[in-house]
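Here is the structure we will look at, set down as C-alpha cells.
The values are calculated or read from the model by the stated rules, or taken from the named source; none is laboratory data. Small disclaimer: the values here were computed from a predicted structure and weren't measured. Cβ: placed from backbone, ideal geometry, glycine included. Neighbour counts: every protein chain shown. Just so you know, the surface numbers come from the protein's heavy atoms only, side chains and all, with ligands and any DNA or RNA stripped out. Shrake-Rupley method; radii C 1.70, N 1.55, O 1.52, S 1.80 Å.
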Amino acid sequence: MEIPTIDFSELNGDKRGDTMALLHKACEQGFFMVENHEIETQLMEKVKQLINRYYLENLKESFYQSEIAKRLEKQENASDIDWESSFFIWHRPTSSINQIPNISQELCHAMDEYVAQLLKLGEKLSELMSENLGLEKDYMKKAFSGSDGPAVGTKVAKYPQCPRPDLVRGLREHTDAGGIILLLQDDQVPGLEFFKDGKWVKIPPSKNNAIFVNTGDQVEVLSNGLYKSVMHRVMPDKNGSRISIATFYNPIQEAIISPAPKLLYPSNFLYGDYLKLYGSTKFGEKGNRFESMKNMTNGHDNNNDILA
C-alpha cells in the first residue's frame, strides 16, 4: 500500500483543507510520512552520521559477542529476544544525554539541536490532530504536559546485519505506549513493518529525510479510538544494518489520560428524555442533540453527587 505523505508546506495555502483531511485519514490509519517539515537536512544527516560512528566505536563489537548473537550462532530459535543494539536519551523534563557512556560533545550538541527542531514538529502535529478532532488546538499538549511541557525522549537503535533473519526479530510486535512518535530512519536498509488490514505493510526507507510518524496508545485513548495505535515490528536484514532514531512526544508520567469529553457519546440517559428533545430538534444536527444529552446527564450526575 502507499504510505500517506503529509506535505507541511501545503498547510498555509489553498491546499490546507485537503492536507488536513489527508492528515485526519492518516491518523485514523495510525502512520504516515511528513515532508517539508523545516528540520535542517544537514543536521539530520549529521545526527545519523555521529550515531553510526558511536555504534561502530562503542557498541558493535560487544553486540556480536553478546548472548543474543551466540544464540543465533547455535541456530537456536530466538523469537523471545530482539536483534537490536539501543540506548535511550531523555530530553524533557530533564536531559540524560550526558549519562550515555563515551558520548561525544559533538553528538550531544547535534542531538540537542535536532530534538529542539523536532519538538516544534511534534507540537505542531499535536495541534493539527487536536484541530481535526474538533478540540482546542492545545488540547493534546495540555493533556500530556506538566509544568515543563510533555515528556520527550529518544530511542536510538541499530539493527545490526543479521546472519539468520529467519530466527529472530529486530524488534518484536508491539504498539507504542505513548503519544506521537517521530522517526528518523535509515535511507537505505528496510525493516520496519506495520500491521494493516490483516497483513504486514513494509515501510520503505525514508528518502529526503522525511520523518515517519505513528500514533501511540495515549493518542488512541484521548481520541476515543478515532486515531489508532497500530501494531508494528522491525525485521532484521541479512545484507545491512539499519539505523532508527525514534523520538517520543509523550505524556508525563503523572498525566491523567482519558478520552476527550467532547468526543464521547452521551450515556446513562433516559430514552424518554431523548425523545422529548428529539421532538423539538428532529430536523437539526444529531451532534447538537448528543451534546445536549451529555449536558443533561452531567447535570443529573452533579445533582446526585449533591444529594449523596
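Which three semi-axes in whole Å describe the equivalent ellipsoid of segment 211-302, each the square root of 5 times a Cα gyration tensor eigenvalue, listed largest first?
Numbers: eigenvalues 384, 48, 19 Å².
So the three semi-axes of segment 211-302 are 44, 16, 10 Å.
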Gap separating the Cα centres of segment 13-50 and segment 101-155, nearest whole Å: 14 Å
task: For Lys70, put the label point 7 Å out on the Cα→Cβ axis and report which residues of segment 167-190 keep their amide N under 20 Å from it.
output: 167-169
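Which FRET efficiency value, to the nearest 0.05, is calculated for Asn268 and Phe63 with the Förster distance at 35 angstrom and r the Cβ-Cβ distance?
Details: r = 55 Å, r/R0 = 1.58.
Efficiency, from the Cβ-Cβ distance: 0.05.
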message: I'd like the antiparallel share, as a percent to the nearest 5, of DSSP beta bridges with both residues in the chain.
response: 90 percent
- prompt: Helix 41-58 versus the longest principal axis of the chain: what is the Cα-based angle in degrees, 0 to 90, to the nearest 10?
  reply: 50 degrees
field: Surrounding net charge for Gln75, when Lys and Arg each add one and Asp and Glu each subtract one, Cβ distance under 15 Å
entry: +1
message: Can you give me the long-range amide H partners of Asp7? Hydrogens built in the peptide plane at 1.01 Å from N, cutoff under 5 Å, separation of 5 or more residues or another chain.
response: Glu35
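What per residue convex hull volume, in Å³, do the alpha-carbon atoms of segment 33-171 yield?
Details: hull volume 21.2 nm³, N = 139.
Taking the convex hull of the Cα positions in segment 33-171, it is 152 Å³ per residue.
Taking all pairs of distinct Cα atoms, average 1/r, flip it, and tell me the Kirkwood hydrodynamic radius of segment 115-209 in Å to one decimal place. All intermediate terms of the calculation are to be shown ahead of the outcome.
Working: mean 1/r = 0.0621 Å⁻¹.
For segment 115-209, inverting the mean 1/r across all distinct Cα pairs yields 16.1 Å.
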- prompt: Helix 16-29 sits at what angle to the longest principal axis of the chain, using alpha carbons and giving 0 to 90 degrees rounded to 10?
  reply: 80 degrees
- request: Report the charge-dipole magnitude of segment 199-308 in Debye, nearest 20, computed about the Cα centre from +1 at each Lys and Arg Cβ and -1 at each Asp and Glu Cβ.
  value: 740 debye
task: Any of Lys228/Lys294; Lys120/Lys286; Lys124/Lys155; Lys25/Lys60 with alpha carbons more than 32 Å apart? Name them for me.
output: Lys120/Lys286; Lys25/Lys60
task: Compute, for Met20, the solvent-accessible surface of its heavy atoms (probe 1.4 Å) with the complete set of protein chains present, and express it in square angstrom to the nearest 10.
output: 10 Å²
message: How far apart, in nanometres, would the label points at Asp187 and His24 be if each is projected 7 angstrom from Cα along the Cα-to-Cβ direction?
response: 3.4 nm
